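S.K.: One structure, pasted below without further comment.
The values are calculated or read from the model by the stated rules, or taken from the named source; none is laboratory data. Note that the structure is a prediction, hence the values are computed from the model and not measured. All Cβ positions, even for glycine, are placed from backbone atoms using ideal geometry, and neighbour counts span all protein chains on display. Surface areas here come from the heavy atoms of the whole protein model, side chains and all, with no ligands, DNA or RNA. Shrake-Rupley method; radii C 1.70, N 1.55, O 1.52, S 1.80 Å.
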Amino acid sequence: MSAQKSYNLQDSGVLRFPEGFVWGAATAAYQIEGAARDDGRGPSIWDTFSRTPGKVHAGHTGDVACDHYHRYPEDVRIMGDLGLHAYRFSISWPRIQPDGAGPANPRGLDFYDRLVDELQGGGITPIVTLYHWDLPQTLEDRGGWTNRETAERFAEYAAIMYSRLGDRVETWTTLNEPWCSAFLGYASGIHAPGRTEPEVSFAAAHHLLLGHGLAVQALRAAGASQIGITLNLAPVLSDDAEAASIVDGLQNRIFLDPVLRGEYPADVVERAGRFTDWSFVKDGDLEIISQPIDLLGVNYYNPQTVTGRAGEPANPVYPGSEGVAFPGADAPKTAMGWPVQPFGLTDLLVRLSHDYPGTPLIITENGAAFDDVVEDGQVHDVGRLSYLDGHLRAAHAAIEAGVDLRGYLVWSLLDNFEWAEGYRKRFGVVHVDYNTQRRTPKDSALWYREVVRRNGL
Ligand SMILES: N=[N+]=NCCCCNC(=O)[C@@H]1[C@H]2[C@H](O)[C@@H](O)[C@H](O)[C@@H](CO)[C@@H]12
């Protein structure tokens, strides 16, 4: 890749990150792989959802995406050109077990074998996400995450993957953002499987966490040493302490507390009481869920700004949030309409280190969508570069405050299938022309390469 432009950061005033800080990028299977029916892959809930009229922008699907399934050698070369230390990717469960259970599909396993070998050949550390939302449709046909058995199937799948890749993959995260799976998928319905049943979304959240715990047990028994979970977490900004606590509970503590403290927060149990009696929680579940982990993956995009408002109906993505309004933030916005508030990352990381001490943190996703234009083979994505710069400075401030932050993985390596937004929203530091599959590193990638090289800003 020719460096059309290099960013010569001046030595003076460079913000250095700790020695050994891990710099990388992240993606997810359904968002980049394509090859939706190749080599025995079965349908996932996102294959079904994206084919359901009106669910995904312009009827976009992950059928082709970035064709990473066939183009992974080129993509690994790009990672090498950028000097990345690590690459976070997810494994497509329906590629491994087309029906979500039973013997593994050898051609599915072979793909990830090849990918891991390619990464190793490039000196890039693989960081595996076992579940990034593409549940085998056959499991959803039996209730999906509202069915406790799905948690058991997930642990079996985790064991299959470790047996194949455990000799070369050291860092495993079980779930990506169970909050999205449960509350976007089963409560608001804006994500697959598109169910609008808040009363079952808490059971889905619990079974996701149970799947995490059972998978940790399986991975640990097989010899895995670095195991974690990735949560999307957001500090809550408000002039109303009660409103802030309600959303903090429904967004953050509902996952942090069971995983790291072995209990559900009492206020969340109470507020969800209007939807469920929590009878899906069985004796021993929380001991399984709170199996010790070695790393907490943090996905941060922006804080949530809320206020108390009597009579306000619940936000569909936060069942139980009656009386809380979401006025939006007075801040610059990304193309997703999300506020650019880097300070929220510092606040979040410092809070985590205070409230949940002892678990090393890694930023497994942070990035921004902006509307990019290719000009003479270049993409001058100043907005994204500025977003990343601000958030790296915020991360550095957290480290200065004593947070044990081990790394930063930018979301995302490539422009990709942005779920309900389809391909119209671009998060990549590398531009993808979906008509030609041509990859073009954006200015943000060239800048990030310098940050990695200098281990600082
Ligand atoms: N307001 N607001 N919102 C902040 C984020 C809301 C929850 N969505 C995420 O965190 C998803 C995460 C996902 O892993 C990835 O697969 C997605 O591509 C990115 C970008 O969307 C993010």
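S.K.: Given (1) buried (at least 19 other Cβ atoms within 10 Å of the Cβ); (2) among the β-branched types (Val, Ile, Thr); (3) within 24 Å of residue 432 (Cβ to Cβ); (4) within 16 Å of the ligand (Cβ to nearest atom), identify the lone condition not met by residue 340.
M.R.: (1)
S.K.: A follow-up question, please. How many residues does segment 236-279 contain that are on the phi > 0 side of the Ramachandran plot and among the hydrophobic types (A, V, I, L, M, F, W, C)?
M.R.: 1
S.K.: If you don't mind, another one. How many of the residues making up segment 382-402 are among the charged types (D, E, K, R), closer than 22 Å to residue 332 by Cα and open to solvent by 10 Å² or more (accessible area, probe 1.4 Å)?
M.R.: 2
S.K.: Are any residues in segment 27-55 in a loop (DSSP other than H, G, I, E, B), touching a Ser or Thr at 6+ places or on another chain (Cβ under 8 Å) and within 23 Å of residue 430 (Cβ to Cβ), and if so, which ones?
M.R.: Residues satisfying the conditions are 27, 28, 33, 36.
S.K.: Among the residues that make up segment 162-179, is at least one of them away from the ligand (no atom under 16 Å from the Cβ), touching a Phe, Trp or Tyr at 6+ places or on another chain (Cβ under 8 Å) and in contact (Cβ under 8 Å) with a residue 60 or more places away in the chain?
M.R.: Checked segment 162-179: at least one residue is away from the ligand (no atom under 16 Å from the Cβ), touching a Phe, Trp or Tyr at 6+ places or on another chain (Cβ under 8 Å) and in contact (Cβ under 8 Å) with a residue 60 or more places away in the chain.
S.K.: Which numbered condition trips up residue 225, out of (1) open to solvent by 10 Å² or more (accessible area, probe 1.4 Å); (2) among the polar types (S, T, N, Q); (3) touching a helix residue (DSSP H, G or I) at 6+ places or on another chain (Cβ under 7 Å)?
M.R.: Failed condition: (3).
S.K.: Still on this structure, I have one more. Only residues that are without any contact (Cβ under 8 Å) to a residue 24 or more places away in the chain, surrounded by fewer than 24 Cβ atoms within 10 Å (Cβ to Cβ) and either hydroxyl-bearing (Ser, Thr, Tyr) or not in a strand (DSSP E or B) (or both): list them for segment 403-457, please.
M.R.: 435, 436
S.K.: Oh, and also: Of the residues 317, 379, which is more than 15 Å from the ligand (Cβ to nearest atom) and aliphatic (A, V, I, L, M)?
M.R.: Selected residue: 379, the only one of 317, 379 that is more than 15 Å from the ligand (Cβ to nearest atom) and aliphatic (A, V, I, L, M).
S.K.: Tell me, which helices (runs of 4 or more DSSP H) wholly within segment 160-274 include 3 or more residues that are within 23 Å of residue 298 (Cβ to Cβ)?
M.R.: Ranges flagged: 198-222, 241-248, 254-261.
S.K.: Considering only segment 76-98, I want to know if a residue exists there that is open to solvent by 30 Å² or more (accessible area, probe 1.4 Å) and over 23 Å from residue 453 (Cβ atoms).
M.R.: Yes, some residue in segment 76-98 is open to solvent by 30 Å² or more (accessible area, probe 1.4 Å) and over 23 Å from residue 453 (Cβ atoms).
S.K.: Any chance segment 413-426 includes a residue that's modelled with pLDDT of 95 or more and over 23 Å from the mean Cα position of the chain (by Cα)?
M.R.: Checking segment 413-426: not a single residue is modelled with pLDDT of 95 or more and over 23 Å from the mean Cα position of the chain (by Cα).
S.K.: Please go through (1) touching a Pro at 6+ places or on another chain (Cβ under 6 Å); (2) open to solvent by 10 Å² or more (accessible area, probe 1.4 Å) for residue 208 and return the number of the only condition it doesn't satisfy.
M.R.: Unmet for residue 208, out of (1) touching a Pro at 6+ places or on another chain (Cβ under 6 Å); (2) open to solvent by 10 Å² or more (accessible area, probe 1.4 Å): (2).
S.K.: Suppose we keep only residues that are open to solvent by 20 Å² or more (accessible area, probe 1.4 Å), part of a loop (DSSP other than H, G, I, E, B) and out of contact with any His (no Cβ under 9 Å at 6 or more places or on another chain) within segment 367-376. Which one would you say is nearest to the ligand (Cβ to nearest atom)?
M.R.: 370
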